[in-house]
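Report on the following structure.
The values are calculated or read from the model by the stated rules, or taken from the named source; none is laboratory data. Nothing here was measured: the structure is a model prediction, and the numbers come from that model. Don't worry about glycine lacking a Cβ; one is built from the backbone with ideal geometry, like all the others, and counts go over all protein chains shown.
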Amino acid sequence: MVRPGAVAVAARWLQSAFQGKVLYAVKANPSPWVIRELLAQGVSAFDVASIPEIEAVRAQAPHAELAFMHPIKAPEAIARAYFDHGVRTFALDSEDELAKILAATGGARDLNLMVRLAVEAGGAAYALSGKFGVQAMDAPALLLAARRATQDLMGVSFHVGSQCMRPSAYQAAMAQASRALVRAGVLADVVDVGGGFPSVYPGMSPPDLAEYVGAIERGFAEMMVHETTELWCEPGRALVAESTSLLTRVELRRGDSLYINDGAYGSLFDAAHAKWPFPVKLLRAEGPSEAPLRGFQLYGPTCDSIDVMPGPFRLPDDVRQGDHVEIGMLGAYGVAMATRFNGFGELETVEVEDGPMASMYGLAPRSIPTARPDANVVRFSRAKGRRRRKR
Ligand SMILES: Cc1ncc(COP(=O)(O)O)c(C=O)c1O
């Protein structure tokens, strides 16, 4: 169930609050309706990581600015991006990748080269530090090499980790970027603070997004940059998380386990593999249930036993086969992750007009209670309370 209006509100907020260029990280949700809505709201730059992502944007926006921000790319993908799709901005985190980009573009000089730095930022619920980014020790040499390789822009980028709960993480990362630039003796034309802006999930109520923007402004003011240095960000989650719910059906109940028709190989990848908490709501044709809430685990439809979402997901105690369960806040890294394993994964997309289950932009509350792992939540704790009072 998709809400283009929620994408529009997020896009408007970020573009007006962030003092620089907002690129959408397509990986979070490459659905055509998302790209269409962002374009309609004036987002005209996109962070892409593959040729299919480039094609998804180009299909709707032949002239959009594309930044190929994957630090390790196939030479063929670099060549197609440069020659067929007009991409000029490429990320790299090693001298080998720099050489690969130069070779694949025929020694092009009109490149914007973005050096991805490894930063120690902390505060992210989903760390992205281990895999990419040049370490502080090697960063100055790479920055210098990138600076020399292009006549156009040379920038620094980093990612503080996804769902970053601490605004100061950006300022800390920018200080590390600044130190690397000073040591290299070069000035950056672009400072790209990446993604990581949070959304709301059960038990995760982030600070106001204005605090993130403020921390980035302070971090930028403290950096050694020149007058015309551009500030970029590449949010994925914050632009789309609120926009989508998944409507699933209970195919069987066994105690506090519900077997539903989507799961770890579908749109619930994060719920299964990262044990990510998502909010749920029971939808029943005859109206809401009055039963108290308790915690359930969800099983997906495939035959694989890792197809389980431990939750716990708080649903009325009388949930039964045939009921529908809406799983909210799945606009980021939801449908984007789905496979067709075991023949499942067919989705119907329906536009809805209700609000999201929670919101960073005032569309709904900015917190969702946690379901504790000991939950049979409401009923169990009430009964315990009564017993205690008797004694
Ligand atoms: C290079 C890059 N930019 C931006 C993003 C978007 O991050 P988020 O969804 O946390 O905003 C990612 C996510 O993995 C990324 O790898």
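Quick notes on this structure:
- Pair list, Cβ under 7 Å, 6 or more apart: region 122-135 residue more than 17 Å from Ser157 (Cβ to Cβ) and in contact (Cβ under 8 Å) with a residue 12 or more places away in the chain, other residue surrounded by fewer than 19 Cβ atoms within 10 Å (Cβ to Cβ) and of a type outside the set (Lys, Arg): Gly123/Met165; Ala125/Met165; Ala125/Met204; Tyr126/Ala274
- Residue in region 123-132 that is surrounded by 16 or more Cβ atoms within 10 Å (Cβ to Cβ), in the same structural domain as Ala59 (by TED's automatic domain parsing) and away from the ligand (no atom under 16 Å from the Cβ) present: no
- Condition met for Val225 (more than 9 Å from the ligand (Cβ to nearest atom), under 22 Å from the mean Cα position of the chain (by Cα) and not in a helix (DSSP H, G or I)): no
- Helices (runs of 4 or more DSSP H) lying entirely in region 1-111 (those with 3 or more residues that are under 25 Å from Ala149 (Cβ atoms) and touching a residue at least 12 places away in the same chain (Cβ under 8 Å)): 51-58, 75-79, 95-104
- Any hit, region 239-252, residues being more than 16 Å from the ligand (Cβ to nearest atom), in a loop (DSSP other than H, G, I, E, B) and either outside the structural domain of Cys164 (by TED's automatic domain parsing) or buried (at least 24 other Cβ atoms within 10 Å of the Cβ) (or both): yes
- Only one of Met204, Met174, Met223 that is of a type outside the set (D, E, K, R), touching a strand residue (DSSP E or B) at 6+ places or on another chain (Cβ under 9 Å) and surrounded by 23 or more Cβ atoms within 10 Å (Cβ to Cβ): Met174
- Ser289 in contact with a strand residue (DSSP E or B) (Cβ under 8 Å, 6 or more places away or on another chain), crowded, with 18+ Cβ neighbours inside 10 Å and either among the hydroxyl-bearing types (Ser, Thr, Tyr) or part of a strand (DSSP E or B) (or both): no
- Residue among Glu346, Glu326 that is surrounded by fewer than 24 Cβ atoms within 10 Å (Cβ to Cβ) and either within 16 Å of the ligand (Cβ to nearest atom) or assigned to a strand (DSSP E or B) (or both): Glu326
- Matching option when the condition is of a type outside the set (S, T, N, Q), in contact with a helix residue (DSSP H, G or I) (Cβ under 9 Å, 6 or more places away or on another chain) and more than 16 Å from the ligand (Cβ to nearest atom), among Leu187, Leu231: Leu187
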